[in-house]
Amino acid sequence: MTLSFLAARARQSADHDVLTFAATAEQVQRFAEIDRVGRDDAGALSGFQRPQIAGHIREIRDYLETPAAILPNAIVVAFIEGVAVEEVGDGICRVTIDLSNGPRGLVVDGQQRLTALSLSSRQDFQMFVSLMICRDEAELRRQFVLVNNTRPLPKSLIYELLPEVDGLPDRMQSRALAADLTARLNYSNASSLKGQIYQHTNPSGVIKDTAIQKVLMNSLSDGIMRLMVTEPNGPRKCFDLISEFFKAVQSVFPQDWWGHKPASSRLVHGAGIQAMGFVMETLATLDNARTWSEFAKGLAALEGRTAWTSGSWDFGNGDARHWKAVNVTSSDVALLTKHVESIVRRDIRARKVAAAQAADAQPDLLKTLDS
């Protein structure tokens, strides 16, 4: 069983066929499907489309019910196989799509329009379809990211897909490792943050994935992870470091962490996560902390000097703020970072001075015992 369309071929990439034709929603759904983003029990990513937006779909459907409705923008459908293209002449081709094994195409762009049209009474209404033929699934994912990156898709969905895509511009590749580590933190049984990070594949998560990614990107570019990631098994060492750190955070501040959302605790809020990321850097660099117990020793200096869920922050110089008056702005994050990091730094210095004094006193103690 096949469907056949006359299509216009565009001269674009030498590596891809790009064609446009008109089809009804019923025809499109016979040869293409919407592959929702998700993860299996092991945390492996599948699909790439965000969840449907019911309100947006209703608005499009209601508009399509009007007599003057038009949809000038084409939906984009990608195929890996199951499509034959025959040249007719003057840039016109005959596209034949094999339906024997069900829909073989994937909707890359336009899922809300397609769904809305399929729900409308305008069954004879045709939409433009731009068809791409990709060499493999990796190329298909790449095209999805590149096509949608210029449109208002949620950035967090783009970031979640990045680790699965090769051959991206440098500005995207620099974020891919942070996105990959974030996904591992969210889905690995060995992670202290398992299931706690909000992603499109984990909408029940509390901590924003972008906040964790900022912590990772700061460390990978200018912090402890910059060299660590280049070591043998470097990504795993980076994963262990941040997982151990947040295990310590949960241990030292259990009442401010567990059962909270960003609105009820600034510790799981974007500002708190980013500020604590710099504390992780300080303890790992100056105190050589690597395990959760070593991090917990350094975090103990913050007990009684934070206002994660109640009270007020005392930032010094008369700047006292209600606990909730710290937001995810660059100035507030910098202020909170300076506050918690300075406390931890002073504690590290004090412990080192005490250790040095104890070491200096040791010979005198031995002399006394010998005499």
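The values are calculated or read from the model by the stated rules, or taken from the named source; none is laboratory data. Predicted model only: the values in this text are computed from it and were never measured. No Cβ is skipped: glycine too gets one built from the backbone with ideal geometry, and neighbour counts run over all protein chains shown.
For beta carbons closer than 8 Å, sequence separation of 6+ or different chains, a first residue in region 216-242 that is without any contact (Cβ under 8 Å) to a residue 60 or more places away in the chain and outside any helix (DSSP H, G or I) and a second that is surrounded by 11 or more Cβ atoms within 10 Å (Cβ to Cβ) and of a type outside the set (S, T, N, Q), the qualifying pairs are 229/177; 229/220; 229/235; 229/237; 229/238; 231/237. For residue 70, are the conditions met, namely being over 22 Å from residue 3 (Cα atoms), aliphatic (A, V, I, L, M) and part of a loop (DSSP other than H, G, I, E, B)? Judged against the criteria, residue 70 is a match. Filtered by the rule that a residue be in contact (Cβ under 8 Å) with a residue 60 or more places away in the chain and touching a strand residue (DSSP E or B) at 6+ places or on another chain (Cβ under 6 Å), region 53-82 gives 76, 78. Within region 182-219, if we keep just the residues that are of a type in the set (Gly, Ala, Ser) and under 20 Å from residue 279 (Cα atoms), the residue that is surrounded by the fewest Cβ atoms within 10 Å (Cβ to Cβ) turns out to be 192.
Within region 308-354, can you find the residues that are out of contact with any helix residue (DSSP H, G or I) (no Cβ under 6 Å at 6 or more places or on another chain) and of a type in the set (Phe, Trp, Tyr)? Answer for region 308-354, where residues must be out of contact with any helix residue (DSSP H, G or I) (no Cβ under 6 Å at 6 or more places or on another chain) and of a type in the set (Phe, Trp, Tyr): 313, 323.
Residue-by-condition table, conditions (1) outside the structural domain of residue 162 (by TED's automatic domain parsing); (2) closer than 18 Å to residue 114 by Cβ; (3) at pLDDT below 90; (4) surrounded by fewer than 16 Cβ atoms within 10 Å (Cβ to Cβ):
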{"position": "4", "(1), (2), (3), (4)": "yes, no, no, yes"}
{"position": "10", "(1), (2), (3), (4)": "yes, no, yes, yes"}
{"position": "65", "(1), (2), (3), (4)": "yes, yes, yes, yes"}
{"position": "94", "(1), (2), (3), (4)": "yes, no, no, yes"}
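Looking for something part of a helix (DSSP H, G or I), among the β-branched types (Val, Ile, Thr), over 27 Å from residue 227 (Cβ atoms) and over 26 Å from the mean Cα position of the chain (by Cα) - is there at least one such residue anywhere in region 340-356? Checking region 340-356: at least one residue is part of a helix (DSSP H, G or I), among the β-branched types (Val, Ile, Thr), over 27 Å from residue 227 (Cβ atoms) and over 26 Å from the mean Cα position of the chain (by Cα). Note on region 333-359: among residues that are within 16 Å of residue 280 (Cβ to Cβ) and among the aliphatic types (A, V, I, L, M), the one that is surrounded by the fewest Cβ atoms within 10 Å (Cβ to Cβ) is 343. Among the helices (runs of 4 or more DSSP H) confined to region 245-334, the ones with at least 1 residues that are under 21 Å from residue 206 (Cβ atoms), in the same structural domain as residue 228 (by TED's automatic domain parsing) and free of Cβ contacts under 8 Å to residues at least 24 places away in the same chain are located at 254-257.
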